[in-house]
Amino acid sequence: MNTTANYHPPPSSQPPFSDSDLDSDSDSENFQVGSDLSNSIFKTYLEFSSSSSSSSSSSITAVDLSKIQSFLTSSSTCALSCLICLERIRPSDPTWSCSSLCFAVFHLLCIQSWARQSSDLSAARAAARLPITAETAAKQATWNCPKCRSSYSKSEIPRCYLCFCGKLRDPPSDNPWILPHSCGEICNRPLPNNCGHFCLLLCHPGPCPSCPKSVKARCFCGSVEDFRRCGFKNFSCNKLCKKRLDCNKHNCSEICHPGTCPPCRARETYRCRCGKKEEEKDCCDRDYRCENECKKLLNCGKHVCERGCHGGDCGECPLQGNRTCPCGKRIYEGMPCDGVAPVCGATCNKLLNCGFHRCPERCHKGPCVETCRTMVKKACWCGGLKKEVPCYQDLSCERKCLRMRDCGRHACKRRCCDGDCPPCSEVCDKRLRCKNHKCPAPCHRGACAPCPIMVTISCACGETHFEVPCGTEMDHKPPKCRKLCKITPLCRHASTSKPHRCHYAACPPCRAPCEEEYPCGHKCNLRCHGPRPPPNPEFTLKPKKKKSNHQTECTPGTPCPPCPELVWRPCVGEHFGAERMMVCSNTTRFSCDNLCGNLLPCGNHYCTKTCHPLETQPSSSGHQKRSESCEVCNLPCQKVRMPKCSHPCPLPCHPGECPPCKVLMKRSCHCGAMVHAFECIHYNNLSEKDQVAARSCGGPCHRKLPNCKHLCPEICHVDKCPAPDKCSKKVTVRCKCQTLKKEWICQDVQAAYRDTGNDPKDIPKNQFGLGLLPCNSDCKRKIQEVESALQLRKPKVLEKKEPENKKHGPKRRKRRDRIQEGKQVSRFQEFVATMKRLLLFIIIVAALIAVTYYSYKGLLQLSDWMNEVELQRAKRRRSRF
């Protein structure tokens with residue numbers, strides 16, 4: 001929030017406010033006092049800031065004072081809360097504020113208890129882990145700020161209640177013109193960056209702003225000199241730096257910057273230290289070493305330099321002068337540098353890597369063994385196991401440590417622990433006092449640190465805001481703001497409504513007349529009661545108890561009340577001369593007790609009930625369809641149908657013409673082979689000729705001629721079949737023995753019967769044409785042949801003459817012989833019978849297959865024919881309509 005914009009505003013710059021902003025209450029008085037306190041605190045600072053010659057001084061001032069303004073807003077509105085107990089800090093409560101980073105304010109008793117517990121816990125941990133006494137650990141113990149975790153020594157535990165600047169002990173809390181917990185004098189604390197000046201604000205919470213005094217300062221590169229505020233005297237001229245770099249050959253090419261110049265990046269070709277290799281490198285990397293060895297001849301003339309790439313002389317040969325054996329016990333003087341120093345043969349006795357034992361080998365070249373294998377008796381880390389092992393090998397057991405860690409909640413559970421258990425690695429995860437978050441710190445003993453999150457509470461527009469600890473945001477009211485409300489009214493007077501100040505509750509009701517038009521055409525004359533913008537749901541303010549002098553006409557946000565105008569209303573039956581004066585919104589209907597007299601829905605009769613409500617619906621014909629509570633006409637329809645038919649109308653009494661008669665009429669075709677089903681309306685609309693044509697099945701007549709067994713060959717027709725005596729079918733004529741046969745025309749056969757005096761109608765069907773041909777000699781010859789064949793087919797029984805001596809044999813033997821002879825005859829007969837049965841079965845199966853096939857084929861043809869007839873009928877109907 002830009003505080004300079006609120007400093008001493010001129011009276012003419014105040015915008016107009018609505019009537020709701022003129023109400024005076026305690027909150028507005030507190031807000032006025034808070035704004036006066038801000039002006040008095042920032043007065044001296046703003047005077048120095050206004051004298052700055054920099055164009056950006058106003059914006060810098062606003063940034064410096066924003067945090068202080070937030071603290072002042074919280075203090076003036078009593079919105080400060082203690083992070084430890086989460087209780088509101090009252091103006092009369094002793095407090096302490098952090099002076100390191102966060103500048104948070106706490107209750108003095110809360111921070112003293114917190115500091116003692118933290119320092120005691122820190123001392124106990126140090127005494128348990130470090131080799132120091134408890135007294136030394138208590139002196140060196142520290143405690144941390146609950147919010148920013150800045151470290152303080154035990155001697156810095158607050159012991160008394162001081163003002164924000166620390167000059168006055170027990171500052172007064174009953175002066176309304178002094179900020180709570182402040183002494184009301186100039187802060188005078190040293191400003192940051194050690195500029196040598198002091199804070200010019202009145203005693204205030206939060207960090208001191210940057211120094212507002214103007215000083216003469218140079219930019220980072222030193223080429224530009226300008227007057228700047230002391231707190232922002234370090235600046236960049238946005239030109240090239242041009243300082244001399246470390247190489248003393250090139251200048252810095254960066255824009256004016258703070259700190260030392262970057263390394264020189266000019267590219268050139270440079271030699272390595274030994275001078276054997278040339279490479280292109282940056283100027284800052286010009287002194288480099290190649291990967292080759294020096295290999296220059298030393299001054300002894302026998303060895304070469306084994307060092308890597310280097311500059312300067314290689315030095316003397318390292319093998320010249322006095323030399324010793326590998327173990328260093330025997331000294332050899334005057335040996336040449338190319339000679340090899342012999343071993344002395346004594347024990348090496350060099351100290352091994354373990355630091356306790358010496359090398360037991362004889363004097364030898366090269367390093368000693370890395371692992372000491374001397375057997376020693378060792379104990380494991382926890383002391384529960386003792387065993388002889390090699391010196392280089394560590395000994396540990398599998399026993400788990402059951403000591404409790406520093407948190408006092410979890411066991412160590414390390415294998416073979418030495419007693420110095422590490423801190424607990426579990427997350428505390430306890431619910432903090434804010435009830436919104438959990439403790440993210442490692443598992444610890446004692447109370448958890450307060451929730452470090454601060455919640456910003458701002459006004460509805462966001463211009464005025466302050467911070468409160470997490471968990472206390474619902475206990476604080478939002479700050480008062482002098483800006484105009486940015487919420488657009490939702491009623492129909494948004495363009496003409498007066499502006500009002502920023503607020504958190506619902507916007508004040510509109511006081512203009514409603515003038516909204518009713519559906520009936522009248523206008524609402526009450527005060528505007530349109531919808532209001534909803535309040536911000538973050539804060540629910542308690543409604544103020546005010547005595548209302550007048551009763552509101554209508555609740556805001558509700559629709560218009562019913563129309564109060566007086567109008568003439570007809571009765572429910574809409575009879576003439578029965579109107580009454582009623583309120584426009586009163587929709588009560590009344591009856592005039594006259595007969596209804598309206599035409600019933602049937603259109604043929606009238607309603608005889610008393611006046612009752614009606615519902616009128618305009619129809620396409622222009623008449624009004626009345627239906628609702630009129631009596632129902634239960635009489636049957638008595639209208640004459642056109643065209644005339646014998647069927648009555650199935651509907652009850654109805655308006656308009658009767659529907660077409662859809663009754664199906666069954667009419668057989670002329671030959672009687674098929675029955676047709678016609679709709680009554682369709683059949684009666686046909687002429688007699690068309691009716692005869694429609695009843696014809698279109699196939700053969702299917703009627704039997706009266707004088708013969710044949711059917712009529714004509715197409716299905718009306719009346720008797722024409723010319724029944726002139727049948728042209730062929731008939732097979734036979735003689736009486738049925739040996740001779742000929743084919744005659746049916747009319748000749750009938751004539752032959754008439755010539756013999758017989759009527760063809762009396763001749764059976766199976767004997768029609770039999771006996772009309774005379775028999776001849778061929779017939780007799782064929783009869784004889786047939787009789788001889790039949791004689792041959794009969795079984796011949798051989799009559800054997802029995803000897804005389806056997807005439808008187810037993811009867812049982814004779815019977816047996818007869819049975820055997822009978823068996824021989826029956827076998828042949830059985831074979832013939834079997835063949836006949838098989839042949840008869842084959843004939844029956846073939847007949848069934850043929851009947852099934854031709855029946856199916858006939859049904860398909862009949863279906864196709866009926867479909868064609870239906871299509872023809874449909875075409876005729878279309879042509880008529």
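The values are calculated or read from the model by the stated rules, or taken from the named source; none is laboratory data. Predicted, not measured: the structure shown is a model, and the values here were computed from it. Glycine gets a Cβ as well: all are built from the backbone with ideal geometry, and neighbour counts include every protein chain shown. Just so you know, the surface numbers come from the protein's heavy atoms only, side chains and all, with ligands and any DNA or RNA stripped out. Shrake-Rupley method; radii C 1.70, N 1.55, O 1.52, S 1.80 Å.
Sequence-ordered 3J(HN,Hα) estimates for the stretch 211-222 from the Karplus curve with 6.51, -1.76 and 1.60 and θ = phi - 60° stand at 5, x, 6, 8, 10, 8, 9, 9, 6, 5, 8, x Hz, glycine and proline given as x. Normalised by 2.2 N^0.38 Å, where N is the number of residues, the alpha-carbon radius of gyration of the stretch 125-210 equals 1.49. The amide H of R501, built 1.01 Å from its N in the peptide plane, has S18, C485 as neighbours under 5 Å, considering only residues 5 or more places off or on other chains. Taking the alpha-carbon centroid of each part, what is the distance from the stretch 391-427 to the stretch 233-264 in angstrom? Each part's Cα centre sits 56 Å from the other's.
Ordering 645-655, 110-120 by mean Cβ neighbour count within 10 Å, with the highest value first, yields 110-120, 645-655.
Inter-part distance, the stretch 714-772 to the stretch 458-482, computed on C-alpha centroids, equals 125 Å.
Residue order by solvent-accessible surface for M582, M404, M642, M454 is M642, M404, M454, M582, largest first, with ligands and nucleic acids left out and a 1.4 Å probe.
Find how much the distance from R876 to I844 grows on full extension, using 0.36 nm per residue of separation minus their present alpha carbon separation; answer in nm with one decimal. Result for the pair: 6.8 nm of gain on full extension. Each Lys and Arg contributes +1 and each Asp and Glu -1, all at the Cβ; summed about the Cα centre of the stretch 730-775, the dipole is approximately 200 debye.
May I ask which of K233/K483; K639/K666; K741/K780; K666/K730; K836/K857; K213/K243 have a Cα-Cα span longer than 27 Å here?
From the list (K233/K483; K639/K666; K741/K780; K666/K730; K836/K857; K213/K243), the Cα-Cα distance tops 27 Å for K233/K483; K666/K730; K836/K857; K213/K243.
Applying a threshold of 29 Å to the alpha-carbon distances of K689/K765; K154/K413; K726/K765; K386/K413 flags K689/K765; K154/K413 as lying beyond it. Write out the chymotrypsin sites (Phe, Trp or Tyr not before Pro) in the stretch 304-391 meeting two conditions: DSSP loop, and at most 14 other Cβ atoms within 10 Å of their Cβ. Answer by residue number: F356.
Counting Lys and Arg as +1 and Asp and Glu as -1 over every other residue whose Cβ lies under 12 Å from the Cβ of E426, the net charge comes to +2. When peptides 696-707, 457-468 are sorted by average Cβ neighbour count within 10 Å, with the highest value leading, the order is 457-468, 696-707.
Per the Kirkwood formula applied to alpha carbons, the stretch 365-423 shows a radius of gyration over Rh ratio, Rg over Rh, of 1.20.
What accessible surface, in Å², does a 1.4 Å probe find on H250, ignoring ligands, DNA and RNA and rounding to the nearest 10? Number for this one is 50 Å².
Among the trypsin sites (Lys or Arg not before Pro) found in the stretch 154-234, those both in a DSSP coil and sparsely packed, with 10 or fewer other Cβ atoms within 10 Å of their Cβ, are R159. Nonpolar atom fraction for the stretch 730-775, defined as the carbon and sulfur part of the 1.4 Å probe accessible area, stands at 43 percent. The alpha carbon centroids of the stretch 686-710 and the stretch 639-671 are separated by 27 Å.
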